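Notes follow the structure.
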Amino acid sequence: MKTDLIIKKCFLCNLDPRQSFVGYNEFIPGSDDEISRYITKLILHNKSSMQAKPAVYKEDSYLMQILPEQEDSFESFVNIISDELFSLMKENSSLLPGCGVFVWVLMEEQNVIAFFKLDYQSRLMNAVEADGRIAWKLNQSLLPGSSQKGYEFFIINLDMQRVLVSDRVHYVNHDEPVNFMAEYILKVNLNHSEKEMLDMIDDVMLDTISQCYRDDVQQKVFAYRNAMAEKVEEDGRIHMGEVAEEIFADNETAVDVCKEKLEQNRIPRIPVMVGRKTEQKLKRKHKIVTSSGIEILVPPDLLENDRFFMYSKDSFGNTVITIKDNNDMQEGAESTSEYEES
């Protein structure tokens, strides 16, 4: 597997509260062994997770105090985290037994520490007995695949002082459900995940459009979708103040309504950084669903192009979408609309 990720140091640990202590040992990864490939897949699959929640830590934080300054002192960090986690698991049956992997990697020229708590999976396996008989046996200590559920993680960027924590909660110490990784292990305050933030932004924009553009809702929705895709493609972030002023440039009331809703939902004024997955999501074809159930998939850059689509209202106030025949388009242009009928 060719990646820009280099495993510098790795520890494996046994997280089974049925045992009397937590055991761990260093694992020396090979250049292309199966374990190294598995660990690499875990990190790459989750490093830009839209569901995971970010946090930052400061110089005087608990996390800063226990983080290693260099690879040679990584084991001390492993010892602290594994002990804390094991003690918590002893007292709370909601935290399932499993295996842990701590890894220090160089990723995109930045130092990163990652930890994965891999809950044991139970599945049947085929076995051939000494006498040649075939038997199925239950294996209760299998590890989940990198793209499966069944594990929790944190990823710490040491150079940026940022943390990404998996979004799973448990009933710990008989309290309300909490993200125990953030609350008890790292002791950091989590922010909204990328997905939560985008959903909140989407709700604000659609509410504003619905409230301020009663006769042109569909066109404004398309304009908003296209602007979001362009902003993310330009610099990998979304500045909602700029987006609102651009989309609602023809309606000062809409600008004010949007900004008020952004404040009410505590959506930050600073640019919201988004990952590659969000960029791909925003650029993909958008779906138009008609009242008869027909779905039309359209590239976002064509939604506002009047050479392809024309929007109007019928006598009942319904939006009418006319798809034009573009046989007379200039040479070299293409029509790439796709249709799926359910």
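Computed values, structure above
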read-out	value
For the stretch 176-189, Karplus couplings with θ = phi - 60° (6.51, -1.76, 1.60), whole Hz, Gly/Pro x	5, x, 9, 7, 5, 4, 7, 6, 10, 9, 8, 6, 10, 9
Full-extension gain in nm, R168 to N92, via 0.36 nm per residue minus C-alpha separation	25.8 nm
I209, I134, I7, ranked by accessible area, largest first (probe 1.4 Å)	I134, I7, I209
From phi via Karplus (6.51, -1.76, 1.60), per-residue ³J(HN,Hα) for the stretch 34-48 in Hz, x at Gly/Pro	5, 5, 4, 5, 5, 4, 4, 4, 4, 5, 5, 5, 10, 5, 10
Qualifying trypsin sites (Lys or Arg not before Pro) for the stretch 1-109 [loop in DSSP, other Cβ within 10 Å: at most 15]	K2, R18, K58
The stretch 30-123 - convex hull of alpha carbons, volume per residue in Å³	155 Å³
Computed accessible area, E245, all protein chains, 1.4 angstrom probe, square angstrom	100 Å²
For the stretch 12-27, Karplus couplings with θ = phi - 60° (6.51, -1.76, 1.60), whole Hz, Gly/Pro x	10, 9, 9, 10, 10, x, 6, 8, 7, 7, 8, x, 8, 8, 6, 10
Computed FRET value (nearest 0.05) for D256 with E26, which takes r as the C-beta separation and R₀ as 45 Å	0.15
Per DSSP, loop GluC sites (Glu not before Pro) in the stretch 1-86 with at most 15 further Cβ within 10 Å	E59, E69
Relative contact order (%) - the stretch 1-105, alpha-carbon pairs under 8 angstrom, separation at least six	47 percent
Cα gyration tensor shape for the stretch 83-240, rounded if a/c is under 1.5, else prolate or oblate	prolate
Amide H contacts under 5 Å for Q121, placed H, 5+ residues apart	L142, L143
Loop GluC sites (Glu not before Pro), the stretch 123-189 (other Cβ atoms within 10 Å of the site Cβ: 11 or fewer; DSSP)	E129
Distant-in-sequence amide H partners of N111 (H built 1.01 Å from N, under 5 Å)	L158, D159
Euclidean distance of C-alpha centroids, the stretch 239-265 and the stretch 155-173, integer Å	32 Å
With all protein chains modelled, accessible area of K53 [1.4 Å, Å²]	40 Å²
Amide H contacts of H239 (H built 1.01 Å from N, under 5 Å, at least 5 apart or other chain)	V272
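The values are calculated or read from the model by the stated rules, or taken from the named source; none is laboratory data. Computed from a predicted structure; not experimentally measured. Glycine gets a Cβ as well: all are built from the backbone with ideal geometry, and neighbour counts include every protein chain shown. Just so you know, the surface numbers come from the protein's heavy atoms only, side chains and all, with ligands and any DNA or RNA stripped out. Shrake-Rupley method; radii C 1.70, N 1.55, O 1.52, S 1.80 Å.
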